[in-house]
Amino acid sequence: MENLETSDWIALSAVLVAVAAAGVSLWQALIARRAGADQLELAYRIQREQNEPYVVVDLGPAAPSSRLIVLSIYNSGPTMARDVSVQVTPELVSSHPSLTDRVQRAVARTIPFLPPGRKLVYPFDTAQRWQSGLPMQFDVTVNVQGPAGPVEELTYRVDLDVLAGHLPEAHPGKDLADQMKGIEGHLRSLSSATRRRTAKRYVPRTGDG
């Protein structure tokens, strides 16, 4: 090294600078490639999430002025939800025993498909629950299959205590009875309309027979 002349030092320095520059360029290329891959993956993930179903399970009033609490399963996403499974802890128990089996069966079975905008609603309880001593907080877990495969598991807590004071007091079961009367009225109207159409279909024509 001591015998190197000035020209040799210059040449060696140029080589070292070139190697260093090449290393920096390679490092920048790797960073850019990684950033590009990350951006591509992020764009793919965003696009996939935008096209996934979004199924929410909730406990709340049947309507703003209703004293009836319902269990709802709602697909607010843009695509079909398939194989929807719901787990609620602790188990749903109503202060009205006749409703307990219905809601437990609703969350126990797997829903084969749930179109966008579709909501399934099940009567669960009334304002009587606040005097029943039954659980008010529930941990909900929802698993769904979307067009591109399994959707990320959704887990959250539903707290009925947030409704305290929102639901006006009522006689136990009054809202449920009112709802059942409405359903019965609808069925009677449907039955009457069916009988009228059937009668029209078979009215004898003038001169027949």
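For the reader, a short list of remarks on this structure follows.
- Of the residues making up the stretch 58-83, just one is open to solvent by 30 Å² or more (accessible area, probe 1.4 Å), within 21 Å of Asp161 (Cβ to Cβ) and modelled with pLDDT of 95 or more, namely Asp58.
- Within the option set Arg109, Arg67, Arg118, being of a type outside the set (Ser, Thr, Tyr) and free of Cβ contacts under 8 Å to residues at least 24 places away in the same chain holds for one residue only, Arg109.
- Residue match in the stretch 38-55 (condition: within 30 Å of Gly133 (Cα to Cα), assigned to a strand (DSSP E or B), modelled with pLDDT of 70 or more and open to solvent by 70 Å² or more (accessible area, probe 1.4 Å)): no
- Which listed residue is in a loop (DSSP other than H, G, I, E, B), of a type in the set (Gly, Ala, Ser) and either over 15 Å from Val55 (Cα atoms) or at pLDDT 95 or above (or both), from Gly185, Gly207: Gly207
- Condition met for Phe124 (among the aromatic types (Phe, Trp, Tyr) and under 15 Å from Val70 (Cα atoms)): yes
- Positions within the stretch 84-115 being open to solvent by 50 Å² or more (accessible area, probe 1.4 Å) and among the small types (Gly, Ala, Ser), in sequence order: Ser98, Ala108
- Residue check for Gln104: part of a helix (DSSP H, G or I) and at pLDDT 95 or above: yes
- Arg118 vs. criteria within 23 Å of the chain's Cα centre (by Cα), at negative phi and surrounded by fewer than 15 Cβ atoms within 10 Å (Cβ to Cβ): no
- Among the conditions (1) modelled with pLDDT of 85 or more; (2) open to solvent by 90 Å² or more (accessible area, probe 1.4 Å); (3) farther than 16 Å from Ser72 by Cβ, Asp139 misses just one, which is (2).
The values are calculated or read from the model by the stated rules, or taken from the named source; none is laboratory data. Just so we're clear, the structure is a prediction, and the values are computed from it rather than from any experiment. Glycine gets a Cβ as well: all are built from the backbone with ideal geometry, and neighbour counts include every protein chain shown. Protein only, heavy atoms only, side chains kept; ligands, DNA and RNA dropped before computing areas. Shrake-Rupley method; radii C 1.70, N 1.55, O 1.52, S 1.80 Å.
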